[in-house]
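Bear in mind these aren't lab numbers, they're just calculated from the coordinates by the rules spelled out. Remember, it's a predicted structure, so these values are computed and weren't measured experimentally. All Cβ positions, glycine included, derive from the backbone under ideal geometry; neighbour counts span all protein chains shown.
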Amino acid sequence: MNKLELPIFDFTEEQKVFRNEVRSFLQEEKEKGTFESKCDSWLSGYDPAFSEKLGQKGWIGMTWPKEYGGTERSAIERYIVIEELLAIGAPVAAHWFADRQTGPLFLRFGTEKQKQEFLPKIVKGKCYFSIGLSEPNSGSDLASISTRAEKVEGGWILNGAKTWTSGAHQSHYLVVLCRTEKKDPKNRHKGMSQLLVDISSPGVTVRPIKFLTGEEHFNEVFFENVYITEGNLIGTEGNGWEQSMAELAYERSGPERILSTFPLLEELVRLLKENKDTDRLKEAMKLVTSLISLRLMSLGVAKYLEEGKDVGISAALVKDLGTKFERNVAEIARLLVSSVPSVESDIEIERYLAQSILHAPGFTLRGGTNEILRGIVAKGMVAG
Amino acid sequence: MSEMHELIIDSTTKILKDKCTKELVDTVEKGVWPEDLWNVLVESGITTIAVPDSIGGTGGDYIDAFHILRLAGKFSLPLPLAETLITNWLLADQGESPLFEPLTFSMKDNTLEIEQVEEAYLVNGTIENVPWGRFANKILVIGQMNNQNTMALLPLEKAEIQQSSNLAGEPMDTVIFDQVKMDLDNTYQIDKDQIMKKTMLLGALAKAVMMSGALEKALDLSIQYAKEREQFGRPLFKLQVIQQYIATIAGETVASLTISNKAISAFEQGSYEEEVANAKLKVNESAGIVSEIAHQVHGAIGVTHEHQLHQLTRRLWSWREDFGDENHWAEQLANRVLNNCSQSLWEFITRSEQKEPVK
């Protein structure tokens, strides 16, 4: 049991000062009209100009080594930046996956050339990545993928298709998990590799799949005899599955699994305070308490991650509880204010409600469905 | 955690594992006082932990004490340990040495009159919902003496006890003093609101922590059962729906442990009102969710008296009402937010994590 217990995290004085700095900047930018707050802004708030501004502040790739343009800040300082960005609903979708996943992937497994070529561009907020995992016939069962790269002189020829690829219609590159060996039914995780694909390469077709709102976030990506040079293999040939899985703890337990609907909760509490409606505020505070408990868990995981501990199960728990919470915020908020939710409304809470309700089904699907995550948790618990 | 802390927790675990069995808990519910176990706890210094050794306590800090209470919840310890500890702590606040006998308290707006009559005191009044009233030797109460709010530690031997119990079968008695004449070592003039508030917070934290322990045990039992029980030719845990249940119980348990650990650490640091409110509120919610699912995992065996699960779930259901239910603490938090009107919610949530209010 104790293996599940998470440490309590306390921020240092420097970190507190840093939080103020980040918050002041974002409030000023919002007041200047640089961006409009919205819910789920890490997936749907695409704004390259704002990403570049964050790059200038040094808040993209901020934990990375200085030689690649990073500022060598701690993971906790990055956590603070991410939290502040999401709490205010700032548009961070453009650089999101590059900052969260691809950069760390290069640092861990990439060649020196890859690091030198891509990291400085990512840090500036000018180079965007998407992650190609799911396929038309491989959803939750990721190990069944069949996109395949054939070895040829000087590289590979890639054929196949990816789907549900967030942001591929706006990104520059795609990290594709594919088979570089034939499928082995006895060891399904074997023989996969991660290849870096320039989305503008001949043979790559990106076709947006409209989200249920009609918005474009995710895509199908087709590869037809796409030539990938040897230099675009990330990490070790055949080690793709392990490399992909290693990224997941970061993906699962971050603030974006808790705060996607925070702008709605913030506005809800503001309105109830304004009306001095203690009864309804009470119901809202139950949500706030859940949020506080989730933040503590997420910070505990972050602390363990920084110490290099295995947090696979706890990270999956945070995502399961966190994404359910994000959805709950919308379901409870709608009963505490009378409103007509609409993405086009002039009233802030009506917009936030609309964004939250319509995006909610995605919260508990993206990055592995909650059911798959719970399976991982339960198997870990029973084995332990 | 310090080595000392680990030592204390390990030795308490060992004592409870050996002595606080399912059968003992059943026996106490039938009305038998577990004298042996109580004596072991007293001798190991557990009933006086976090009382400074300079005034005769065991020493140690509140982190030790609350982690012991978590174990008490995990083992369904059928003794007034939380009540005795809190009473000893409140006495220590008055500079008093701890007592080594079972104690209880009722720091509420009791309608209790204490009159000084010559060398002795005359006590009149009724106190409801006294945990462990029938087994405690003394009760710490707030009463009125010469129209002054007074705290006093009253012996219970001459009080009338009307027995009742909570959902878990733990004593929850009515104590009646009807013209009872007694000697009192001491009475204390107190700030009633302040002491009622502190006791409410101490009680809520103790219960939140004990409930976290009970949740841990409910999770352990559910995992164990899902591994052992076979249906459809395979262990229950091979069924996906059971895996989903186990993960949900695990999630709520970790959430409860984390938020109560935060409250413990805040308590030790001295600023804890909001942390305790959050902890009791969240743990109460988790208690309902986990109890329901743990029973569903266990099937019919889990609703028998023979199985251990009810010793945990009945406590979880019952303790939700002790020292503030979800609505009580949500209202406290709502008032705090209303009183910090200029703050945004995010500033409110992170206010101990920022340097100064951002203009």
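Per DSSP H run of at least 4 residues, take -39500 (n - 2.57); add these up for the protein assembly as shown, divide by its residues and hand me the 222 nm value, nearest 500 deg cm²/dmol. Could the numbers behind the result be given before it?
Details: 24 runs with 365 residues, N = 743.
Mean residue ellipticity, 222 nm, calculated: -16000 deg cm²/dmol.
Towards the positive end of the charge dipole of the protein assembly as shown, with charges on Cβ (+1 Lys, Arg; -1 Asp, Glu), say which of A:ASN225, A:SER37, A:GLY125 has the farthest Cα.
A:ASN225
Taking A:LYS276 as the anchor, which aspartates and glutamates have their alpha carbon closer than 17 Å to its alpha carbon, excluding any fewer than eight residues away along the same chain?
Those aspartates and glutamates meeting the cut-off are A:GLU266, A:GLU267, B:GLU331.
Mark the label point 7 Å from the Cα of A:LYS32 along Cα→Cβ and return the residues of region A:52-96 whose backbone N is within less than 13 Å of it.
A:52-57
Nearest 20 debye, what's the magnitude of the dipole of chain B about its Cα centre given +1 on Lys and Arg Cβ and -1 on Asp and Glu Cβ? Can you show the working numbers first?
On the way: 31 positive and 52 negative charges, 290 e Å.
The calculation lands at about 1400 debye.
Taking other Cβ within 10 Å of each residue's Cβ, how do A:LYS190, A:LYS151 sort, fewest first? It would help to have the intermediate numbers written out before the result.
On the way: A:LYS190 16, A:LYS151 12.
Lowest count first: A:LYS151, A:LYS190.
So if R0 is 35 Å, what FRET efficiency would B:ALA300 and A:THR278 give, r being the distance between their Cβ atoms, rounded to the nearest 0.05? Mind showing how you got there, number by number?
On the way: r = 44 Å, r/R0 = 1.25.
That pair, B:ALA300 with A:THR278, gives E of 0.20.
What is the pair-distance distribution P(r) of region A:22-148, computed from all Cα-Cα distances in 10 Å bins starting at 0, with each bin given as a whole percent?
13, 40, 30, 15, 2
Round to the nearest 10 and give me the degree value, 0 to 90, for the angle of helix A:48-57's Cα axis relative to the longest principal axis of chain A.
80 degrees
Hey, with R₀ at 41 Å, roughly what FRET efficiency would B:THR111 and B:THR27 work out to, going by the Cβ-Cβ distance, to 0.05? Don't jump to the answer; show the numbers that get you there.
Numbers: r = 35 Å, r/R0 = 0.86.
After rounding to 0.05, the efficiency reads 0.70.
Shielding of B:259-272 by partners, i.e. mean partner chain Cβ atoms within 10 Å per residue?
Values: counts 9, 1, 6, 9, 1, 1, 2, 1, 0, 0, 1, 0, 0, 0.
Mean partner shielding for this stretch: 2.
List the aspartates and glutamates whose Cα lies under 18 Å from the Cα of A:LYS183, skipping any in the same chain that are fewer than 8 positions away.
Cα-Cα hits under 18 Å: A:GLU135, A:ASP141, A:GLU150, A:GLU237, A:GLU242.
Using only Cα atoms, what is the ratio of the radius of gyration of the protein assembly as shown to 2.2 N^0.38 Å?
Values: Rg = 29.2 Å, N = 743, 2.2 N^0.38 = 27.1 Å.
So the Cα radius of gyration is 1.08 times the expected 2.2 N^0.38 Å.
List the aspartates and glutamates whose Cα sits under 13 Å from the Cα of A:LYS126, skipping any in the same chain fewer than 8 residues away.
List returned: A:ASP47, A:GLU52, A:ASP99, A:GLU117.
Let me know the charge dipole size of region B:193-353 about its Cα centre in debye, to the nearest 20, where only the beta-carbon of Lys, Arg (+1) and Asp, Glu (-1) is charged. Show your work: numbers first, answer last.
Values: 16 positive and 20 negative charges, 74 e Å.
With only Lys, Arg, Asp and Glu charged at Cβ, the dipole is about 360 debye.
Among the listed pairs B:LYS108/B:LYS207; A:LYS379/B:LYS238; B:LYS74/B:LYS207; B:LYS17/B:LYS238; A:LYS151/A:LYS190, give every one whose C-alpha distance is greater than 20 Å. Could you put the intermediate results ahead of the total?
Values: B:LYS108/B:LYS207 17 Å; A:LYS379/B:LYS238 9 Å; B:LYS74/B:LYS207 12 Å; B:LYS17/B:LYS238 30 Å; A:LYS151/A:LYS190 16 Å.
The answer is B:LYS17/B:LYS238.
Please report, largest first and rounded to whole Å, the three semi-axes of the ellipsoid equivalent to region A:310-384, where each semi-axis is the square root of five times an eigenvalue of the C-alpha gyration tensor.
So the three semi-axes of region A:310-384 are 33, 11, 8 Å.
Work out the mean other chain Cβ neighbour count within 10 Å for the residues of A:372-383 and drop it here as an integer.
Numbers: counts 0, 3, 9, 5, 2, 9, 13, 5, 3, 12, 11, 2.
Mean partner shielding for this stretch: 6.
Determine the sum of side-chain charges near A:MET192: Lys and Arg each +1, Asp and Glu each -1, restricted to other residues whose C-beta is under 13 angstrom from that of A:MET192. If you can, show how the numbers build up before the last one.
Details: positive: A:ARG148, A:ARG179, A:LYS182, A:LYS183, A:ARG188, A:LYS190; negative: A:GLU135, A:GLU181, A:ASP184, A:GLU237, A:GLU242.
Net local charge, A:MET192 excluded: +1.
Suppose R0 equals 60 Å. What FRET efficiency, 1/(1 + (r/R0)^6) with r the Cβ-Cβ distance, do B:GLN343 and B:VAL241 give to the nearest 0.05? Don't jump to the answer; show the numbers that get you there.
Values: r = 44 Å, r/R0 = 0.73.
The value I calculate is 0.85.
Which Cα, out of B:SER318, B:ILE301, B:SER291, lies furthest along the positive dipole direction of region B:275-318 (beta carbon charges, K/R +1, D/E -1)?
Of B:SER318, B:ILE301, B:SER291, it is B:SER318.
Going 7 Å from the Cα of B:ASN335 in the Cα-to-Cβ direction, what parts of region B:195-218 have a backbone nitrogen less than 18 Å from that spot?
Hits in region B:195-218 for B:ASN335 at 18 Å: B:195-205.
Using the structure shown, list the pairs from A:LYS53/A:LYS121; B:LYS198/B:LYS355; B:LYS197/B:LYS280; A:LYS66/A:LYS309 with a Cα-Cα distance above 20 Å, or answer none.
Going by Cα-Cα distance, B:LYS198/B:LYS355; A:LYS66/A:LYS309 fall outside the 20 Å limit.
Would you mind checking the tilt of helix A:278-306 against the longest principal axis of the Cα atoms of chain A, expressed as 0 to 90 degrees and rounded to 10?
Value to nearest ten degrees: 30.
For the pair B:GLU268 and A:THR369, how long in nm is the line joining their label points, each one 7 Å along Cα→Cβ?
Here the answer is 4.3 nm between the modelled labels.
Which one, A:SER140, A:GLY167, A:GLN194, is farthest towards the positive end of the dipole of region A:131-238 when Lys and Arg carry +1 and Asp and Glu -1 on their Cβ?
With unit charges placed on the Cβ atoms, the residue in question is A:SER140.
Calculate, in nm to one decimal, what A:ASP184 and A:VAL152 gain on full extension: separation in residues at 0.36 nm each, minus their alpha carbon distance.
9.4 nm
Can you give the local net charge around B:LEU345? Use residues other than it whose beta-carbon is closer than 11 angstrom to its beta-carbon, Lys and Arg +1, Asp and Glu -1.
Details: positive: A:ARG270, A:LYS273, B:ARG351; negative: A:GLU266, A:GLU267, B:GLU347.
Residues near B:LEU345 contribute 0 overall.
For every other residue with a beta carbon closer than 12 angstrom to the beta carbon of A:ASP320, add +1 if it is Lys or Arg and -1 if Asp or Glu, then tell me the sum. Walk me through the intermediate numbers first.
On the way: positive: A:ARG252, A:ARG257, A:LYS319, A:LYS324, A:ARG327, A:ARG374; negative: A:GLU326, A:GLU371, B:GLU252.
Residues near A:ASP320 contribute +3 overall.
Report relative contact order for region A:254-383 in percent, whole number only (criteria: Cα-Cα under 8 Å, sequence separation at least 6).
Relative contact order, region A:254-383: 32 percent.
Relative to the first principal axis of the alpha-carbon coordinates of chain B, what is the inclination of helix B:81-93, with its axis defined by its Cα atoms, in degrees from 0 to 90 and to the nearest 10?
The angle comes out at about 40 degrees.
Which of the three applies to region B:102-190, rounded, prolate or oblate, going by the alpha-carbon gyration tensor with a ≥ b ≥ c and a/c under 1.5 meaning rounded? Don't skip to the answer; put the middle values down first.
Working: a/c = 2.06, a/b = 1.76, b/c = 1.17.
Because a/c hits 1.5 or more and a/b exceeds b/c, region B:102-190 counts as prolate.
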